[in-house]
Amino acid sequence: MALTEADIIESLHILTVVGTIQTEEESEADPEENADADISYLEFSELYSQAEEELQNDLTRLNLSAVSDTTTKRAMSCLIADYTLISQPNWDAQKVQYNEDSSVYRFANRKGSSYYYNYLRTLDNALKADADYKERKAGVLIS
């Protein structure tokens with residue numbers, strides 16, 4: 001199964017707090033549909049391309065040559081969500097206070113980009129859970 005932009009948009013709605021996203025079909029309609037979406041198709045398309053490149057670089061860095069479509073979809077959705085959250089005033093805050101009585105602590109390891117980097121950390125931990133990881137890390141040749 002090849003991932004489509006529609007798959008990523010659906011995943012963004014399910015996994016993140018990203019608002020509405022205009023699809024390619026909506027942007028090409030005459031008259032244009034969903035023009036007041038939080039993210040226009042042009043913006044989404046640019047974020048999608050940027051996320052593809054960054055994800056590929058990170059997978060190479062983690063020595064993950066092939067991942068499932070589901071993993072790719074989740075990682076790209078998390079990364080695009082991070083890109084959209086950067087514009088918010090509290091995007092890098094480790095603690096967000098809502099009123100005098102309630103606040104939330106967030107994990108922030110790359111200036112608040114927690115969706116994607118927490119997911120990458122999960123992938124890296126899964127790799128480390130491999131039974132042969134310790135031997136490979138120690139430089140022992142495994143045949």
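Figures for the structure shown
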quantity: Output for region 15-44, where each listed residue is β-branched (Val, Ile, Thr) and part of a loop (DSSP other than H, G, I, E, B); calculated: Thr16, Val17, Val18, Thr20, Thr23
quantity: Residue tally, condition surrounded by fewer than 13 Cβ atoms within 10 Å (Cβ to Cβ) and acidic (Asp, Glu), over region 3-31; calculated: 3
quantity: Residues of region 60-71 classified as in contact with a helix residue (DSSP H, G or I) (Cβ under 8 Å, 6 or more places away or on another chain) and either assigned to a loop (DSSP other than H, G, I, E, B) or at pLDDT 90 or above (or both), total; calculated: 5
quantity: Identity of the residue in region 1-13, assigned to a helix (DSSP H, G or I) and free of Cβ contacts under 8 Å to residues at least 40 places away in the same chain, that ends up farthest from Arg74 (Cα to Cα); calculated: Ala6
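The values are calculated or read from the model by the stated rules, or taken from the named source; none is laboratory data. Since this is a predicted model, take the numbers as computed values, not measurements. Neighbour counts are summed over all protein chains in view; Cβ atoms, including those assigned to glycine, are modelled from backbone coordinates with ideal geometry.
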